[in-house]
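These notes are about the structure you will find just below.
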Amino acid sequence: MKKILLLTDFSKNSINAMNYGLQLFQNEYCDFFVLNVQSSLSYATDDLMASRPRESLYEVLIAENKQRLTSIVEGLKLNANERLHRFKSIVDYDLFIDAIKQTIKKENIDFVVMGTNGASNLREAIMGSNALKVLRFINCNTLVIPEGYQYKKPKRFLLALDVDDYADHKTVFDITELIQKLDANINVVRIVSTNENVQSKIQLDKDLLLELIHENKFTYRTVSNIPLSHILVDEELAQDA
């Protein structure tokens with residue numbers, strides 16, 4: 001069973017991303033953990049004044065968000081696979097990244113899904129600050145859905161392996177597993193250094209990939225002295241052509 005962490009700040013982008021995640025894993029048994037983080041840096045004196053004698057400050061701070069999150073989860077259930085999907089809502093009053101790390105560890109999360117207001121065109125994309133923080137500081141497979149991007153079954157994936165990446169990493173296993181279930185193809189691009197034994201690395205990559213996916217389902221090429229961002233743009237241009 002997959003364990004998916006859905007991040008929401010109640011924005012339209014985050015709700016769209018969560019629904020994308022539901023459709024992507026439509027036919028898999030999944031536990032979805034819907035997390036809203038209220039930053040501990042946003043505390044104000046008014047919050048304390050609003051508390052009743054027997055309420056803890058923590059309960060006051062998250063009460064409104066809990067109600068909003070409950071409403072959002074009920075909406076997600078309408079688009080979910082009732083037979084395969086279960087939901088748990090979580091409101092945390094903490095630093096954004098700390099709350100995500102704690103939830104991933106506690107619930108053994110496999111994937112994180114979140115939205116961003118960056119443009120879907122990679123040449124113009126500007127990631128939101130929260131998305132960048134997650135990508136930089138969270139060690140978990142993360143799916144970032146651009147603003148307004150509607151779900152359609154993926155037909156092709158890009159797997160970019162940097163100089164120090166390994167083809168037998170857990171992320172690669174997870175991606176190839178997803179590709180097989182979606183019956184999609186994958187383009188593998190390996191960035192190589194000019195001062196290494198390239199042929200042995202290429203052979204190792206291909207041997208590992210063939211253990212995970214049928215040879216007709218992937219292409220493989222190497223590049224050198226090209227930044228990862230340029231590879232992403234080149235692949236997007238190839239798809240647009």
What do you reckon, is ASP174 in a loop (DSSP other than H, G, I, E, B) and in the same structural domain as ILE202 (by TED's automatic domain parsing)?
-> no
Got at least one residue in the range 136-144 being at pLDDT 90 or above, out of contact with any strand residue (DSSP E or B) (no Cβ under 8 Å at 6 or more places or on another chain) and assigned by TED's automatic domain parsing to the domain that holds GLY21?
-> yes
Go over the candidates LEU84, LEU135, LEU143, LEU161 one by one and state the one that is under 22 Å from LYS12 (Cα atoms), among the aliphatic types (A, V, I, L, M) and out of contact with any Leu (no Cβ under 9 Å at 6 or more places or on another chain).
-> LEU135
List, please: which pairs have Cβ atoms under 8 Å, are six or more places apart or on different chains, and start with a residue in the range 1-29 that is in the same structural domain as ILE138 (by TED's automatic domain parsing) and end with one that is surrounded by fewer than 21 Cβ atoms within 10 Å (Cβ to Cβ) and basic (Lys, Arg)?
-> PHE10/ARG68; PHE25/LYS2; ASN27/LYS181; GLU28/LYS2; GLU28/LYS181; TYR29/LYS2
Checked the range 71-102 for anything part of a helix (DSSP H, G or I) and polar (S, T, N, Q); matches are SER71, ASN79, GLN102
All positions within the range 175-193 that are under 13 Å from ASP162 (Cα atoms) and exposed (fewer than 15 other Cβ atoms within 10 Å of the Cβ) | SER193
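For (1) more than 16 Å from CYS140 (Cβ to Cβ); (2) modelled with pLDDT of 95 or more, each residue gets a yes or a no:
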position	(1), (2)
ALA17	no, yes
TYR20	yes, yes
GLN38	yes, no
ALA50	yes, no
ARG54	yes, no
GLN67	yes, no
ARG86	yes, yes
Expected single match for more than 18 Å from LEU228 (Cα to Cα) and at pLDDT 90 or above among ASN185, ASN195 is ASN185
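The values are calculated or read from the model by the stated rules, or taken from the named source; none is laboratory data. Note that this is a predicted model, so its numbers are computed, not measured. Ideal geometry is used to build each Cβ from the backbone, glycine not excepted, and the neighbour counts take in all protein chains shown.
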